[in-house]
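Scroll down for the structure; my scribbles are underneath it.
Just so it is clear, none of the values below were taken in a lab; they were calculated from the coordinates. This structure is a prediction, so every number in the text was calculated from the model and none was measured. Here Cβ is always computed from backbone atoms with ideal geometry, including for glycine, and neighbour counts include all displayed protein chains.
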C-alpha cells in the first residue's frame, strides 16, 4: 500500500520517537510510506522533501505550534491546512494513497484529511494522542461553551466521524471517546497504544555518564524527562524536591523543554537545591544514555484532568528497564497498567506526603527496584512494541486476501 502519515511531531536530525518506529514497521512490511510533517518557523529552515531511512519525508515550513503561546499556536493552526495542502500538491501530486494515518494534536487537520480521503478513495486511521478541547478546559485555559470551545469541539466531532478507525492510547481512552460521543460507531474505536521498537540493552557505563553530568555516583536518581508544560503540574515536583532536600541519597534529574521550563529555572535559582539538576532538551541518543544511568522514572499528570492522558515518556523508562513512580489523576489508567505489571508505584497528583513516601520506599529498597526494572522491560516487550501497534492497524486496513510481507 501507499501510506501517507501526517503529524506535527515527526522529529528532525534522524531522531526516533513513537511515530518513526511505527512507520519503520510499515516500511519493513514492504509498504510505501510518505511522511507529511511540519518544520516550525523557529527552525529557520525551508520546506523540503528528503529521503530518510527509506521513507519520503516532506517537512512543511509553518508557524510555531509547540512549546509556544496559545495565541501564536492558534494563528499557526489557522494557516496549517492550507500550507500542508499546497505542499502536498507540489511534492506528492502524482501519488495515490491507499491509507491515511494521522495523529492528534491538532484536531484541525480533519478538513484536509477528509479531502484526501475522498480524492484518493483511501481509508483513514486516526491515532488519538490528545483530547481537545476538553484538555484546556480542565486546566482553566479555555471556557467550556465559549466560541473557541465550540469551534474545536465541532472539529473534534468531524474528525471522529470522518475516521474509518480510531486508535486510542489505552482502554480508558476508548471508554472516554465513546461516552462523550454518543452515536459514534463503537466498532471503529480500539486501543492502539503508544509504542516503540525496543532498544538492544547495552552496558550503560553508569558511573562515566553520571560523572559527565555531575550526578552523585551513589545517589538513587529519579528522572523526569520530556515535555515541561502545564499538563504535568510541575509545581508539585518542585514541592517534592524541597520536601526531600535533607533525605540522603535521593537526587532528582529534570530534562526537557516546554512552556514551563522558565518556571523550573526560576525555582532552581530561588531554591538552589543540592538534590536536583535541571537540563534543557538533550539529543535523543544522549537522553537515552542518561536515562539508563538513572534508577527511577517519573510521570506527572495534573490532578485537574478529566481526560485519560497516557504519556509516551513511559516508554523511555520501560526501554531502559527502570521502575516508574507516577503522580497522576484519577482519569488516566496509566497507573493501573504500571501497578498490574509490578513495575512501579502510583500516587495521586497533589498528594505530596504520599509521593515523598514512595520516593523514600524506592530509594531504600534496592532489590525491589531491580525487580520492578525487570518487570518494566517485560511490559514494554509484551504490550508496547511498534510491531504490535503495526499489527493492530494492519488488521483493520489490509486489503482482503493480502498477507504481511514479514
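Key figures for this structure:
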{"item": "Order of 114, 272 - criterion: other Cβ atoms within 10 Å of each residue's Cβ, fewest first", "result": "272, 114"}
{"item": "Estimated [θ] at 222 nm from DSSP helical runs (n ≥ 4, -39500 (n - 2.57)) normalised by residues in the chain, nearest 500", "result": "-13000 deg cm²/dmol"}
{"item": "Highest average packing first - 160-171, 370-381, Cβ atoms within 10 Å", "result": "160-171, 370-381"}
{"item": "For region 251-338, the spread of Cα positions along each principal axis, largest first, Å", "result": "34, 29, 21"}
{"item": "Gained length - residue 64 relative to residue 285, 0.36 nm times residue gap less alpha-carbon distance", "result": "77.1 nm"}
{"item": "Pairwise FRET efficiency - residue 388 versus residue 78, Cβ, R0 = 45 Å, nearest 0.05", "result": "0.75"}
{"item": "Rounded to whole Å, sorted largest first: equivalent-ellipsoid semi-axes of region 206-383, Cα gyration tensor", "result": "21, 20, 16"}
{"item": "Gain upon complete extension [residue 53, residue 330; 0.36 nm per residue less C-alpha separation]", "result": "95.7 nm"}
{"item": "Distance (nanometres) between label positions extended 7 Å along Cα→Cβ at residue 360 and residue 398", "result": "5.4"}
{"item": "0 to 90° range, to nearest 10: angle between helix 234-243 axis and the chain longest Cα axis", "result": "10"}
{"item": "Likely footprinting exposure, 86, 113, fewest C-beta neighbours within 10 Å first", "result": "86, 113"}
{"item": "Extension reserve of the residue 15-residue 154 stretch, reckoned as 0.36 nm per residue once the Cα distance is removed", "result": "46.6 nm"}
{"item": "For region 90-107 and region 125-178, distance of Cα centres in Å", "result": "20"}
{"item": "Folded to 0 to 90 degrees: helix 352-364 orientation relative to the chain principal axis, Cα", "result": "70"}
{"item": "For region 290-397, the Rg and Dmax computed from alpha carbons only, in angstrom", "result": "14.5, 49"}
{"item": "Helix 366-383 axis, angle to the chain major axis (alpha carbon atoms, nearest 10°)", "result": "10"}
{"item": "Sorted by Cβ density within 10 Å, fewest first, the residues 72, 156", "result": "72, 156"}
{"item": "Percent antiparallel among DSSP beta bridges (both partners in region 1-77, rounded to 5)", "result": "30"}
{"item": "Diffusion constant of region 140-225 at 20 °C, which comes from Stokes-Einstein with the Kirkwood Cα-pair radius and 1.002 mPa s, µm²/s", "result": "123"}
{"item": "Alpha-carbon centroid distance for the pair region 333-351 / region 209-225, whole angstrom", "result": "24"}
{"item": "Cα gyration tensor of region 82-179 - equivalent ellipsoid semi-axes, whole Å, descending", "result": "27, 16, 10"}
{"item": "Once the Cα gyration tensor of the chain is diagonalised, semi-axes √(5λ) in Å", "result": "36, 23, 21"}
